[in-house]
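One structure below.
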Amino acid sequence: MSPTDLEQYLHVHLPLTKAMQIFVVSMKPGEIILGAPLEPNINHQKGVFGGSAATLATAAAWSLVHAQLVAAKVPGQVVIQRSTMEFVLPMKDEFVARAFVPHPEAWPKFMQMLKRRGRARISVSAEVSCGGQVSGDFEGEFVALDSERG
């Protein structure tokens, strides 16, 4: 899956990402960075709306799990089970979310469980930054369901 493929997938299947003008900054094994401009995500104080920051972090984390399934050629659906977001600093410009799995050794276990049971969970983190400063921290638990098992 290329960055262009991911961006198009997000805009078609998660229309909010298109409205927010979310774009793929970079993709590499174990990390995805998504970005968004301030203008469509602005709040009443001319900063980034907190819901937009949380959505960008969620989308980045979801994309990381989705891309892992695509790379492994495992037909699955990814859903978020729960998440938390801590806002550290206000953001007044374009912002990015860098998603990663804090314990990379969880990936093989996750994939093995998905293949064996048709369902697996993994924790994904994301740092939301603006101007090079970490402005928020996201933690989410995602569930993958093997779509071939129904």
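Would you check which residues across the stretch 7-53 are buried (at least 20 other Cβ atoms within 10 Å of the Cβ) and either part of a helix (DSSP H, G or I) or of a type in the set (Ser, Thr, Tyr) (or both) and list them? Answer for the stretch 7-53, where residues must be buried (at least 20 other Cβ atoms within 10 Å of the Cβ) and either part of a helix (DSSP H, G or I) or of a type in the set (Ser, Thr, Tyr) (or both): Leu10, Thr17, Asn41, Ser52, Ala53. With respect to Glu94, is the statement that it is at pLDDT 95 or above and acidic (Asp, Glu) true? In short, yes. The set of residues in the stretch 87-106 that are among the acidic types (Asp, Glu) and surrounded by 11 or more Cβ atoms within 10 Å (Cβ to Cβ) contains only Glu94. I need the full set of residues from the stretch 39-89 which are more than 24 Å from Ser135 (Cβ to Cβ) and of a type in the set (Ser, Thr, Tyr), in order please. Across the stretch 39-89, there are no qualifying residues. For Thr84, indicate whether it is surrounded by fewer than 19 Cβ atoms within 10 Å (Cβ to Cβ) and within 16 Å of Val143 (Cα to Cα). So Thr84 passes the test.
For the stretch 108-115, state whether one or more residues are more than 19 Å from the chain's Cα centre (by Cα), among the hydrophobic types (A, V, I, L, M, F, W, C) and surrounded by fewer than 18 Cβ atoms within 10 Å (Cβ to Cβ). Within the stretch 108-115, one or more residues are more than 19 Å from the chain's Cα centre (by Cα), among the hydrophobic types (A, V, I, L, M, F, W, C) and surrounded by fewer than 18 Cβ atoms within 10 Å (Cβ to Cβ). Of all the residues in the stretch 44-76, those that are among the polar types (S, T, N, Q) and modelled with pLDDT under 95 number 2. Residues that are surrounded by 13 or more Cβ atoms within 10 Å (Cβ to Cβ), at pLDDT 95 or above, under 30 Å from Leu38 (Cβ atoms) and in contact with a Phe, Trp or Tyr (Cβ under 6 Å, 6 or more places away or on another chain) occur at least once in the stretch 131-147.
The values are calculated or read from the model by the stated rules, or taken from the named source; none is laboratory data. Bear in mind the structure is a predicted one, so any value in this text is a computation, not a measurement. Virtual Cβ from ideal backbone geometry, glycine too; neighbours counted across all protein chains shown.
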